[in-house]
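Worksheet: the structure to be examined is printed underneath.
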Amino acid sequence: SLLNGRAETGDRWVLKCPMHSLYVPELLKVFPDAVFVSVHRDPAEVTPSGCKFLTEVSKFFYYKEDIDPNAFGRAALDYGPEVTMSMSRALEESRRPVLNVQYANLVKDPRAVVRDLNAFAGVDRDDAALEAFLAADSTRRAA
């Protein structure tokens with residue numbers, strides 16, 4: 001219902017959890033006008049961060065301190081390519097356009113990538129919102 005409240009204001013939802021990519025057909029049933037963006041990152045860079053995140057989340061939900069982050073790494077290596085291929089197949093079968101974004105480009109020139117994304121999604125936004133976000137993000141990162 002929190003997301004539904006945002007929908008009433010005209011805001012778009014942004015779901016950026018990679019696990020959502022396993023459910024493309026289900027997402028399209030509920031959100032037939034969904035727009036898909038696939039951000040590509042170097043697995044060697046993102047896997048350690050993801051493993052650390054999953055370790056901390058698992059400690060919280062399972063009340064255990066001895067969770068092995070290496071187990072998440074092994075699972076990522078075992079299942080990561082399968083998940084990626086599954087998502088690619090589902091998007092191909094849906095015949096929906098996908099905007100492919102290289103993470104390095106997003107970091108290097110976020111303004112250009114966001115403008116491309118807005119054009120792809122048919123969103124007419126002014127640059128003021130983007131500039132406000134980038135200023136706040138730069139302040140947060142500096143802290």
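The values are calculated or read from the model by the stated rules, or taken from the named source; none is laboratory data. Keep in mind the model is a prediction, meaning the values are calculated, not measured. Cβ placement follows ideal geometry from the backbone for every residue including glycine, while neighbour counts extend to all protein chains displayed. With ligands, DNA and RNA removed, areas are computed over all heavy atoms of the protein, side chains included. Shrake-Rupley method; radii C 1.70, N 1.55, O 1.52, S 1.80 Å.
Please report, in debye to the nearest 20, how large the charge dipole of the chain is about its Cα centre when each Lys and Arg carries +1 at its beta carbon and each Asp and Glu carries -1 there.
Around 20 debye, computed over the chain.
If the cut-off is a Cα-Cα distance under 21 Å, which lysines reach LYS16, setting aside same-chain residues fewer than 8 apart in sequence?
Filter leaves LYS29, LYS52, LYS108.
Sequence-distant or interchain residues sharing an amide H contact under 5 Å with PHE36, placed H: which?
Here the answer is LEU99, since their amide H atoms fall under 5 Å of that of PHE36.
Kindly express, to the nearest 10 degrees and within the range 0 to 90, the angle between helix 69-94's C-alpha long axis and the longest C-alpha principal axis of the chain.
With rounding to tens, the tilt is 40 degrees.
Suppose accessible area is computed on protein heavy atoms with a 1.4 Å probe; arrange THR84, THR47 from highest to lowest.
Correct descending sequence by accessible area is THR84, THR47.
Around GLN102, which amide H atoms from residues at least 5 apart in sequence, or from another chain, sit under 5 Å from its own amide H, with H modelled in the peptide plane?
So GLN102 has HN proximity to HIS40.
Report the Stokes-Einstein translational diffusion coefficient (µm² s⁻¹, integer) for the chain, Rh taken as the Kirkwood radius over Cα pairs, at 25 °C with viscosity 0.890 mPa s.
Result for D is 138 µm²/s.
What span do the alpha-carbon atoms of region 70-112 cover on each of the three principal axes, reported in whole Å from largest to smallest?
Over region 70-112, Cα extents along the principal axes are 37, 29, 8 Å.
Measure nothing but the geometry: give the 0 to 90° angle between the long axis through the Cα atoms of 127-142 and the longest principal axis through the Cα atoms of the chain, rounded to 10°.
On a 0 to 90 degree scale, this one is about 30.
Given the whole protein assembly as supplied and a 1.4 Å probe, what does the accessible area of PHE72 come to in Å², nearest 10?
50
Quick one: accessible area per residue over the chain, 1.4 Å probe, rounded to a whole number of Å²?
Dividing the accessible area of the chain by its residue count gives 79 Å².
Exactly which trypsin sites (Lys or Arg not before Pro) in region 54-130 are in a DSSP loop and have at most 13 other Cβ atoms within 10 Å?
Sites meeting the loop and neighbour criteria: LYS64, ARG95, ARG125.
Between helix 43-62 and the chain, what is the angle of the helix's C-alpha long axis to the longest principal axis, kept within 0 to 90° and rounded to the nearest 10?
70
So how much accessible area does ASP33 have, in Å² to the nearest 10, using a 1.4 Å probe?
120
Heavy atoms only, probe 1.4 Å: what % of the accessible area of the chain goes to carbon and sulfur, would you let me know?
58
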